1. Suppose a student asked you for the relative contact order of the chain, using Cα pairs under 8 Å spaced at least 6 residues apart; what percent would you report?
2. With a bin width of 5 angstrom, please list the P(r) values of the stretch 1-141 as percents of all Cα-Cα pairs, from the 0 bin to the one holding the largest distance.
3. Using r as the Cβ-Cβ distance of THR216 and LEU48, and R0 as 25 Å, what FRET efficiency do you calculate, to the nearest 0.05?
4. Using a Gaussian network model on the chain with a 10 Å cutoff between Cα atoms, which of ARG71, ARG222, ARG209 fluctuates the most?
5. Once the other residues with Cβ under 13 Å from the Cβ of ASP226 are scored (Lys, Arg +1; Asp, Glu -1), what is the net sum?
6. Over the stretch 210-254, what lengths in whole Å, largest first, do the semi-axes of the equivalent ellipsoid take, defined as the square roots of 5 times the eigenvalues of the alpha-carbon gyration tensor?
7. Counting just the Cα atoms, what span does the stretch 107-162 cover along each of its three principal axes? Round to the nearest Å and put the largest first.
8. Quick one: plug the Kirkwood hydrodynamic radius of the stretch 138-247 (C-alpha pairs) into Stokes-Einstein at 25 °C, 0.890 mPa s, and report D in µm²/s.
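The values are calculated or read from the model by the stated rules, or taken from the named source; none is laboratory data. Keep in mind it's a predicted model, so treat the numbers as computed, not measured. All Cβ positions, even for glycine, are placed from backbone atoms using ideal geometry, and neighbour counts span all protein chains on display. Remember, those area values only see protein heavy atoms, side chains included, never the ligands or the DNA or RNA. Shrake-Rupley method; radii C 1.70, N 1.55, O 1.52, S 1.80 Å.
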Amino acid sequence: MDINTAPWRPGSFTKNFSWGGEGNGLKQLHEIIRLGFDNKIEDVPRSLFRERVASANRPDYIPLNFFLFNRAAGGVDHLIVDELVYQAITSDHSDRFDKLAIFAFNLSLVGVWKGAADYQRRPALWAHHYVSRRIANDLKWQVRAFSADDIENFVSQDKRYAAKTARKLATNLAYLYRIGHLADFATAHVERWWVDALFLTLDRVIEDRRIDSIMTTEEQFRGLLDQFGFSRIAGPRSLEKELAIGHLVRLYSECGGRDRFSEEFVRERSVLRIPDLQWFAANDQRPQGAVHPTNPRILKSIPRACAFLAKYAGFSVIDAEEMANFDPIEFLRRHTATSLERLRKAGIEPTMTAEELMKITRDR
């Protein structure tokens, strides 16, 4: 599907999902994901997901058709585990989840299922283009509130919008962006939701290409992030983010892509890396943190089994407790002290004094 020419159809988005008060954020989505997946990191049949959600008297069309990823397996429609599902199941509801979910909505890659129309594969292209063209390009992310009037004007003036009215879509989208904290995307720094969003983009792009029987190699990952607009809808670009992308793509590759959720796969990959590795089943299955020593803001929660592999991508690993109370400054201090001690033990000493170094710096 060419997203530059495909029609924009609002579909069921104009219906009321009853998100609740603004202070709740996207908590309803967080709870529905947990309920539908039964709190398990396993792909689930779409019909079973719907049965579980129906038991709680909650509507399911918005999560199914706009936020989650659908694909057939063995002739049965499934919802897959990706980064959004992983974060919902392994972490409590938070602003970080809300931002990741809003990013998933704007990415607008939800796969296919029986009975779905072609346009439903990219169901919210109107939102994708509103963010990438209006918010990112025109306004340079300088926005603190989202106006339904501005959204309505943007959508209704585009010939691709295929609906009689845009008002209901505009009011619903403006509200969703407020409770999902889209305005907080406007930072040049790397944040944890942004790190998760990069993994989510690769999860979905690779699965979307599989639908068309297109295989993806690790060498294509960075180019696909650009092709599918990751940096255009994930906040303003910066050098810090560009450098982080390279590190995170390596981490994603090392952990096996979406196979990072399969302990069996990670175990086999780890043993190949470390032939004499004595594998063990840890009692604590909470995610661990992978931190890149060049920038401690590059912090990614990963399945515990992936800790053996993260180190091969140049990351340090921290446990769940440290990740919950992570202090980037303290991490840098300890990392620097460890590096200096390693140099000392290796007999490597400076060849000039601090005063001599300062003189060279001043002279230049």
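1. Details: 462 pairs, mean separation 53.3, N = 364.
RCO, the chain: 15 percent.
2. Each 5 Å bin holds this share of Cα pairs: 2, 10, 18, 22, 22, 15, 8, 3, 1, 0.
3. Calculated value: 0.35.
4. ARG209
5. Numbers: positive: ARG222, ARG232, ARG237, LYS241; negative: GLU242.
Value of the local net charge: +3.
6. On the way: eigenvalues 90, 40, 9 Å².
So the equivalent ellipsoid measures 21, 14, 7 Å along its semi-axes.
7. Principal-axis extents of the Cα atoms in the stretch 107-162, largest first: 40, 20, 16 Å.
8. Estimated diffusion coefficient is 153 µm²/s.
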